[in-house]
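The values are calculated or read from the model by the stated rules, or taken from the named source; none is laboratory data. Values in this document were obtained by computation on a predicted structure and should not be read as measured data. Every residue, glycine as well, gets a Cβ built from its backbone with ideal geometry; the counts of neighbours run over all protein chains shown. Surface areas here come from the heavy atoms of the whole protein model, side chains and all, with no ligands, DNA or RNA. Shrake-Rupley method; radii C 1.70, N 1.55, O 1.52, S 1.80 Å.
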Amino acid sequence: MIICRTPYRISFFGGGTDHPNWYRDNESIILSTTFNKYCYVNLRNLPPYFKFRYRLRYFLTEQVSKISQIRHPVIREVLKLKKYDQGIEMIHSGDIPARSGVGSSSSFTVGFLNAINTQMGYFASKRELALRAIDIEQNILKENIGSQDQIAAAFGGFNQINLKGNNFNVNCINEK
């Protein structure tokens, strides 16, 4: 069983400038921190004895046989992207309710990506997790969202995030 704990974030300033329409042409500087509240993703391979291949529990429960039948867009697209063909049971829980303004949906995306990668024996870097989560949410799902949440969830800690063009840098702010 894989258990991923991914932090939520609080932004201090610059949050409105993390949208790609802004930072492709302008520099964006965001100051944010993660804190001790988390999104949890529990993942395991589902034994072949069930009538379904995917049991997914978040605020809904899904039990389906095909990836295309999965209603949760992030789960469906990650499994398609990773070409993950084994049955899974995924249980999501969080310390804070969804839509609380702390980046919970991106924390889920980063955590689920991390769990699937780990289940497949691959350990992605923080940068890779952030970039893949941004791609899934902005390009594949076409969500009108920024990029700070995915970066903060993947890197954790107290950081200055610089976005410019198609690149980002994360500078850890020394907490000593």
Run the reach check for Lys51 against aspartates and glutamates, Cα to Cα strictly under 18 Å, same-chain hits fewer than 8 apart removed. What comes back? Glu62, Asp85, Glu89
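Magnitude of the Cβ-charge dipole of the chain, K/R +1 and D/E -1, about the Cα centre, nearest 20 debye?
Values: 22 positive and 14 negative charges, 128 e Å.
Its charge dipole is roughly 620 debye.
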Pop out the Kirkwood hydrodynamic radius of the range 1-86 from its pairwise C-alpha distances, inverse of mean 1/r, in Å to one decimal. 16.1 Å
Once you put a point 7 Å from the Cα of Tyr84 and another 7 Å from the Cα of Leu31, both along the Cβ direction, what distance in nm separates them? 3.7 nm
Report the Cα centroid-to-centroid distance between the range 23-50 and the range 128-176 in angstrom, as an integer. 10 Å
Work out, step by step, the length gained on full extension between Thr17 and Phe50: first 0.36 nm times the residue separation, then minus their alpha carbon distance; give nm to one decimal. 7.2 nm
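Per Stokes-Einstein, at 4 °C and 1.567 mPa s, what whole-number D in µm² s⁻¹ belongs to the chain, with the Kirkwood radius over Cα pairs as the hydrodynamic radius? Please list the in-between numbers first.
On the way: Rh = 16.6 Å.
Stokes-Einstein gives a translational diffusion coefficient of 78 µm²/s.
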Checked against the positive end of the charge dipole of the chain (+1 on Cβ of Lys and Arg, -1 on Cβ of Asp and Glu, about the Cα centre), the farthest of Ser147, Gln69, Ser93 is Gln69
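Scanning the chain for chymotrypsin sites (Phe, Trp or Tyr not before Pro) in DSSP loops with at most 11 other Cβ atoms within 10 Å, what's the longest stretch left with none?
On the way: sites that count: Tyr49, Phe59, Tyr122, Phe123.
Excluding the exposed sites themselves, the longest stretch runs over 60-121.
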Number of Lys pairs in the range 52-175 with C-alpha atoms less than 29 angstrom apart, excluding same-chain neighbours closer than eight positions? 14
Roughly how many percent of the accessible protein surface of the range 60-168 is carbon and sulfur, given a 1.4 Å probe and a whole-percent answer? 48 percent
Phi angles of the range 32-45, converted by Karplus (6.51 cos²θ - 1.76 cosθ + 1.60, θ = phi - 60°) into ³J(HN,Hα) in whole Hz with x for Gly and Pro, give 8, 9, 9, 9, 7, 10, 9, 9, 10, 10, 9, 9, 8, 5
Mind jotting down the three principal axis lengths of the range 110-176 based on Cα atoms? Whole angstrom, largest first. 36, 28, 15
Residue-normalised value, i.e. accessible area per residue, for the chain at 1.4 Å probe, in Å², stands at 53 Å²
